[in-house]
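Below is one structure; the comments refer to it alone.
The values are calculated or read from the model by the stated rules, or taken from the named source; none is laboratory data. As the structure is a computational prediction, the values presented were derived from the model and not from experiment. Positions of Cβ are generated from backbone atoms using ideal geometry, with glycine treated the same way; all protein chains shown enter the neighbour counts. Keep in mind that these areas ignore ligands, DNA and RNA; they rest on the heavy atoms of the full protein, side chains included. Shrake-Rupley method; radii C 1.70, N 1.55, O 1.52, S 1.80 Å.
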Amino acid sequence: NAGVTQTPKFRVLKTGQSMTLLCAQDMNHEYMYWYRQDPGMGLRLIHYSVGEGTTAKGEVPDGYNVSRLKKQNFLLGLESAAPSQTSVYFCASSYVGSLGDTQYFGPGTRLTVL
Amino acid sequence: GDSVTQMEGPVTLSEEAFLTINCTYTATGYPSLFWYVQYPGEGLQLLLKATKADDKGSNKGFEATYRKETTSFHLEKGSVQVSDSAVYFCALSDLTDSSYKLIFGSGTRLLVRP
């Protein structure tokens, strides 16, 4: 039982390049989330999904796209990377997304955009 | 909108000292409250939670009580260890746009010295 895994762990991009971050969970959770973590700002929600085939915008969705083709996977895409997207990205999942539901986090991807 | 405010860090303590990290919140509904911990180089993991007023969450010697009258959820531990050095995030879960989402504070770094 690996929990939530993320690939890659580190990545350096040049401005304008594209990439996809992969998140996978093996807990059969319905809800999945992508956050970014910036110094002094806590975690901010980028996009989330309430089930296979669904996606929705979070607090800071601009410049990102997501897809949830399979229940266990949630992909985050950057079509044209910008230096402002330099951050640590965390994926999380939860069972049903209810009020007291616990979110389980992956280890993070550190992205630098030059 | 909903928000979480935490005391700024870093908090530096000697081993066996008493710890308090303050957290207050604003919410339109009746949120659940959480403390997550992030150890160096890792993702966030749930430390404790409380889902209704006057509930006390506890885990690994840490405690926090959901105080609706003061809108607070302060984290305490009677005797900290070097291994408690980490970043601690207070968070609330509330219903927004038809689904429950976590809103995080900015995090408080704790450094425990031997």
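Only one of these is among the aliphatic types (A, V, I, L, M), away from chain B (no Cβ under 12 Å), open to solvent by less than 20 Å² (accessible area, probe 1.4 Å) and touching a Pro at 6+ places or on another chain (Cβ under 9 Å): A:Leu13, A:Leu21. Name it.
Residue meeting the stated conditions: A:Leu21.
Is there a residue in segment B:58-65 that is aromatic (Phe, Trp, Tyr) and closer than 30 Å to A:Thr55 by Cβ?
Checked against the condition, which is being aromatic (Phe, Trp, Tyr) and closer than 30 Å to A:Thr55 by Cβ, segment B:58-65 yields no hits at all.
Taking the criterion of being of a type in the set (S, T, N, Q), surrounded by 15 or more Cβ atoms within 10 Å (Cβ to Cβ) and under 23 Å from B:Leu48 (Cβ atoms), would at least one residue in segment A:79-95 satisfy it?
The answer is yes, given that some residue of segment A:79-95 is of a type in the set (S, T, N, Q), surrounded by 15 or more Cβ atoms within 10 Å (Cβ to Cβ) and under 23 Å from B:Leu48 (Cβ atoms).
Could you go through segment B:4-26 and let me know if any residue there is within 13 Å of B:Leu92 (Cα to Cα) and not in a strand (DSSP E or B).
Within segment B:4-26 (the criterion being within 13 Å of B:Leu92 (Cα to Cα) and not in a strand (DSSP E or B)), the answer is no, since none of the residues qualifies.
With the requirement that a residue be among the hydrophobic types (A, V, I, L, M, F, W, C), buried (at least 17 other Cβ atoms within 10 Å of the Cβ) and closer than 18 Å to B:Glu15 by Cβ, what does segment B:76-114 give you?
B:Val80, B:Ala86, B:Leu110, B:Val112
Answer yes if at least one residue in segment A:52-64 is farther than 17 Å from A:Tyr95 by Cβ, touching a helix residue (DSSP H, G or I) at 6+ places or on another chain (Cβ under 9 Å) and modelled with pLDDT of 95 or more, and no otherwise.
Yes, segment A:52-64 contains at least one residue that is farther than 17 Å from A:Tyr95 by Cβ, touching a helix residue (DSSP H, G or I) at 6+ places or on another chain (Cβ under 9 Å) and modelled with pLDDT of 95 or more.
Among the residues of segment A:37-78, how many are within 15 Å of A:Tyr104 (Cα to Cα) and open to solvent by less than 30 Å² (accessible area, probe 1.4 Å)?
Adding up the residues that qualify gives 5.
With respect to A:Asp26, determine if the residue is at pLDDT 95 or above, open to solvent by 30 Å² or more (accessible area, probe 1.4 Å) and either under 12 Å from the mean Cα position of the chain (by Cα) or closer than 16 Å to A:Gln6 by Cα (or both).
Yes, satisfied.
Quick one: what pairs do we get from segment B:40-62, first residue away from chain A (no Cβ under 12 Å), second among the polar types (S, T, N, Q) and surrounded by 13 or more Cβ atoms within 10 Å (Cβ to Cβ), C-beta under 8 Å, 6+ apart or different chains?
Filtered contacts from segment B:40-62: B:Asp54/B:Thr65; B:Lys56/B:Thr65.
With respect to the numbered conditions (1) over 27 Å from A:Pro107 (Cβ atoms); (2) of a type outside the set (A, V, I, L, M); (3) touching a Lys or Arg at 6+ places or on another chain (Cβ under 8 Å), which one is the sole condition not fulfilled by B:Arg67?
Among (1) over 27 Å from A:Pro107 (Cβ atoms); (2) of a type outside the set (A, V, I, L, M); (3) touching a Lys or Arg at 6+ places or on another chain (Cβ under 8 Å), the lone unmet condition for B:Arg67 is (3).
Under 7 Å between Cβ atoms, at least 6 apart or on separate chains: pull out the pairs that start in segment B:93-114 with a residue that is at positive phi and at the interface with chain A (Cβ under 7 Å from one of its Cβ atoms) and end on any residue that is of a type outside the set (A, V, I, L, M, F, W, C) and surrounded by 16 or more Cβ atoms within 10 Å (Cβ to Cβ).
Hits for this filter: B:Gly107/A:Gly42; B:Gly107/B:Gln6; B:Gly107/B:Tyr88.
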